[in-house]
1. How about region 48-74: which of its residues are part of a loop (DSSP other than H, G, I, E, B), open to solvent by less than 90 Å² (accessible area, probe 1.4 Å) and not acidic (Asp, Glu)?
2. Residue check: is Ser39 surrounded by 11 or more Cβ atoms within 10 Å (Cβ to Cβ), under 24 Å from Lys174 (Cα atoms), hydroxyl-bearing (Ser, Thr, Tyr) and within 15 Å of the ligand (Cβ to nearest atom)?
3. Take region 1-45 and flag every residue that is assigned to a loop (DSSP other than H, G, I, E, B), at pLDDT 95 or above and over 22 Å from Asp107 (Cα atoms).
4. Please determine, by comparing only the residues of region 141-182 that are aromatic (Phe, Trp, Tyr) and at pLDDT 85 or above, which one is surrounded by the fewest Cβ atoms within 10 Å (Cβ to Cβ).
5. Could you list, in sequence order, all residues of region 129-153 that are among the polar types (S, T, N, Q) and within 18 Å of Arg45 (Cα to Cα)?
6. Can you tell me which residues in region 70-126 are among the hydroxyl-bearing types (Ser, Thr, Tyr) and more than 10 Å from Ile13 (Cβ to Cβ)?
7. If I filter region 24-34 for residues that are more than 28 Å from His81 (Cβ to Cβ) and open to solvent by 20 Å² or more (accessible area, probe 1.4 Å), do I get at least one hit?
8. Could you tell me which numbered condition Leu114 fails, if it satisfies all but one of (1) open to solvent by 10 Å² or more (accessible area, probe 1.4 Å); (2) within 15 Å of the chain's Cα centre (by Cα)?
Amino acid sequence: MMNKRKIKGKIIIISSPSGGGKTSICKRLLNRNKDWQFSISVTTRKKRRGEKNGREYWFVDHADFLKKRECGEFAEWCKVHSFLYGTPKKPMESVLYKGGVMLLDVDVKGAMKLKKIYKEAATTIFILPPGRTELKQRLKKRGTEDDKHFKIRQSRALSEMKLFGQFEYTVINKDLKTAVSEVEMIIKSLHCRKNNLDLEQINRIVG
Ligand code: 5GP
C-alpha cells in the first residue's frame, strides 16, 4: 500500500461507454498539457489499424498477460469484450510519488477498483454521449468490428451509461472542444480541494 504522506501526484480515471469519446478527450488533453502522462495498459486484444505498440497499449499474448498478472505487475485488471486488460502499477505509482498528472482510460469496474486503492489521489470522471441515438451512431461510424461484436459492444455501452452516479464527475460530450475544457478545468482545480491543499503554504497565509 502506498504511503499517503508521500503522494504528490494525481491519477485521473476517465471512463465512458464505448463511443462516449474518452479516447479523443484524453488525446486532446495530452496534446494541450505536455507534462501530463497517459497510463498505457497491457492488453491481449489485437492491434487495430493505426495503433502502435507502446502508444495506445502494450499488446501481449494471453500467456504473457497471465505471467505479468502473477508477478503482481497490475494495479487492476479485467476482461472486456473477451479480452484481458491490465493497468501497470509501476508507472502510475512513480507519477504519484514524484508529483504529476496521469490519465487513465479504463472501464467502469477498473475505475472503481482504482478509486478504492488510490483514494484521494484518484479522481473519477465519467464521459457521457449527448444521447442514446448519438451513441449508436458513433459506434456504427467506428466500424472496427464484425456484426456480432458490434452488437455486444452496443448493448454494453447502453447499459454502462447508467453507471454515471458511481463517478465523482460527469461530463457530457456533446461538443468535443467543450468537453475537453471541462475535463481540463476539473483536473486543474483539483489542487484547491480540501484534501489536496498545500497546508504549509496555507498556514503561511493564515498565520
Ligand atoms: P478498447 O479495446 O476499445 O481500446 O477498450 C475497451 C475497454 O477497455 C474500454 O472501456 C477501455 O477503457 C477499457 N480498458 C482499457 N485498458 C484498461 C485497463 O487497463 N483496465 C480496465 N479495467 N479497463 C481498460
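The values are calculated or read from the model by the stated rules, or taken from the named source; none is laboratory data. What you see is a predicted model; the values in this text were computed from it and never measured. Here Cβ is always computed from backbone atoms with ideal geometry, including for glycine, and neighbour counts include all displayed protein chains. Each accessible area value is taken on the protein alone, full model and side chains, heavy atoms only, with ligands, DNA and RNA left out. Shrake-Rupley method; radii C 1.70, N 1.55, O 1.52, S 1.80 Å.
1. Of region 48-74, the ones part of a loop (DSSP other than H, G, I, E, B) are 48-52, 54-56, 60-61, 71-73.
Those left that are additionally open to solvent by less than 90 Å² (accessible area, probe 1.4 Å): 48, 50-51, 54, 56, 60-61, 72-73.
Within region 48-74, Arg48, Gly50, Gly54, Val60, Gly72 qualify.
2. Numbers: surrounded by 11 or more Cβ atoms within 10 Å (Cβ to Cβ): yes; under 24 Å from Lys174 (Cα atoms): no; hydroxyl-bearing (Ser, Thr, Tyr): yes; within 15 Å of the ligand (Cβ to nearest atom): yes.
When the stated conditions are applied, Ser39 does not pass them.
3. Within region 1-45, Asn33, Lys34, Asp35 meet the criteria.
4. Here is the first cut: in region 141-182, the residues aromatic (Phe, Trp, Tyr) are 150, 164, 167, 169.
Filter once more, keeping what is at pLDDT 85 or above: 164, 167, 169.
Numbers: Phe164: 18, Phe167: 22, Tyr169: 16.
The extreme case among them is Tyr169.
5. Thr144
6. Looking only at region 70-126, we keep the residues that are among the hydroxyl-bearing types (Ser, Thr, Tyr), and these are 82, 85, 87, 94, 97, 118, 123-124.
Passing the criteria: Ser82, Tyr85, Ser94, Tyr97.
7. Pass one, region 24-34, residues more than 28 Å from His81 (Cβ to Cβ): 32-34.
Of the ones still in play, those that are also open to solvent by 20 Å² or more (accessible area, probe 1.4 Å) are 32, 34.
Yes, that holds for at least one residue.
8. Only one criterion is unmet by Leu114, namely (1).
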